[in-house]
1. Using only the alpha-carbon atoms of region 96-241 as identical scatterers, what base-10 log of I(q)/I(0) does the Debye formula give at q = 0.16, 0.18, 0.22 Å⁻¹?
2. I'd like the orientation of helix 178-191 relative to the chain: the angle between its Cα long axis and the longest Cα principal axis, in ° from 0 to 90, rounded to 10.
3. Once both axes come from the Cα atoms, what is the angle between helix 369-386 and the longest principal axis of the chain, in degrees from 0 to 90, rounded to 10?
4. Would you tell me the accessible area of Thr362, worked out with a 1.4 angstrom probe on the heavy atoms of the protein chains, in Å² to the nearest 10?
5. Run down the lysines and flag those whose C-alpha is under 25 Å from the C-alpha of Lys106, throwing out any fewer than 8 positions away in its chain.
6. What percent does the relative contact order of the chain come to when contacts are Cα pairs within less than 8 Å and at least six residues apart?
7. Output ³J(HN,Hα) for region 101-109: one whole-Hz value per residue in order, computed from phi by the Karplus curve 6.51 cos²θ - 1.76 cosθ + 1.60 with θ = phi - 60°, and x for Gly and Pro.
8. Roughly how big is the chain's charge dipole about its Cα centre, with Cβ charges of +1 (Lys, Arg) and -1 (Asp, Glu), in debye to the nearest 20?
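The values are calculated or read from the model by the stated rules, or taken from the named source; none is laboratory data. Note that this is a predicted model, so its numbers are computed, not measured. Cβ placement follows ideal geometry from the backbone for every residue including glycine, while neighbour counts extend to all protein chains displayed. Keep in mind that these areas ignore ligands, DNA and RNA; they rest on the heavy atoms of the full protein, side chains included. Shrake-Rupley method; radii C 1.70, N 1.55, O 1.52, S 1.80 Å.
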Amino acid sequence: MVKILDATLREGEQTPGVYFEGHNKLAIAEKLDNIGVDIIEAGHPLISKNIYKAVKQIANMGLKAKIAAHSRSTKKDVDTALDCGVDFLGIFYCVSNARLDGVFKKDISYAVDQITKIIAYAREQQPDLTIRYTPEDTVRSNFDNVAQVAVAAVKAGADIISIADTTGYMIPGTDRSMYDFVVKLKAVFTKENLSPQIAVHCHNDRGLALANAIDGYRAGADIIDCTVLGIGERAGIVDLAQLLVLLREDFEIKTDWDLLRLSNLYEFVSEYADITIAKNLPIIGKNAFTHCAGVHTHAAVMNPIHYHSLAPEVVGRKMEICLDHMSGISSVKYGLKRIGMEDISDSFTMQVLHEVKSIGETGRTVNDLKELERIALWCKQNVEDTL
Ligand code: HCA
Ligand code: CU
């Protein structure tokens, strides 16, 4: 069964301007745990005392999820992370020739040696630790380097190799496909008689993070990384809500994820990250299940399936009808029915429609059923006056 790794507290905090205070980090971890994610990446403890403290507290909360710390490939990072009591350690070290030559000034055999030593050291410190090794920028790195370091990392004790599309470079169905990359890397392991778990970490620079993650999953990836609201470096990574709904609804993954709790988590993260939830954000956005144009509402009221392929009830929401300049008679009738006005004349309905359309032309929609009720009252008055 595919596992979900949420990195809101690590990758998410790499969003410019985003920092969750300690008490809010604990609340986010608890909410993620209640939803049922498998791994919570809680932070990189060496970055600051407060992050160290938060990772330690989260690791001690007794959550069901595994708690992960992020770590460079150094003894100091590993010691600090393990000191927090985590049960999952994510070690990263880039092995692209560009980085080895241009930044680290080291060759691949030095890098492999350094990485394997650290992995073996971590394994020795904590035998039951889950260790992930990520060759950062995996997909743009020389494949032979990736294969060499990944095999050595697994032999040294890594349980998981993460394929990072650090710059959101992959495109499904092309020669830059995550599907093909997963297949190719798995073949390397099979040849070596190794079977580590494969994770995919997909950035969203081209808006393809979710598509690439699903591509990787279809090729056999075991773990998918994501964050709430898809936050992270630059354009961020895979969005948690979209990922869970897609896996549950379209890949029919049977889990006990509590999708009804997603909205609450998103509102919380949105508030403390100070990132507005876009109205058109899939699944969570205000408009995600709202029908607007007259033609759409006419058909959707008869049977919602005409204009949606995902049921709002999956995340505890309801189909909504927007009342504005696009509305037609059936939208208004539907709204009036919802406020208990069923047996009404056509001329009255037309009058309400007229009011609704003029509100729409000012650039807003009728706020809610309460406003519709006020409009209906106003129109009723008009009808009576003309008598
Ligand atoms: C980073 C880059 C990273 C690492 C992913 C990982 C990426 O360190 O910020 O350690 O698995 O995208 O490559 O997020
Ligand atoms: Cu990343």
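1. The Debye formula, applied to the Cα set alone, gives -0.86, -1.06, -1.37.
2. The answer is roughly 30 degrees.
3. Computed tilt is about 20 degrees.
4. The accessible area comes out at roughly 110 Å².
5. The qualifying lysines are Lys75, Lys76, Lys117, Lys155.
6. Values: 717 pairs, mean separation 48.8, N = 387.
13 percent.
7. With coefficients 6.51, -1.76 and 1.60, one gets 6, x, 10, 7, 6, 10, 9, 4, 5 Hz.
8. Numbers: 42 positive and 52 negative charges, 149 e Å.
So the dipole magnitude of the chain works out to roughly 720 debye.
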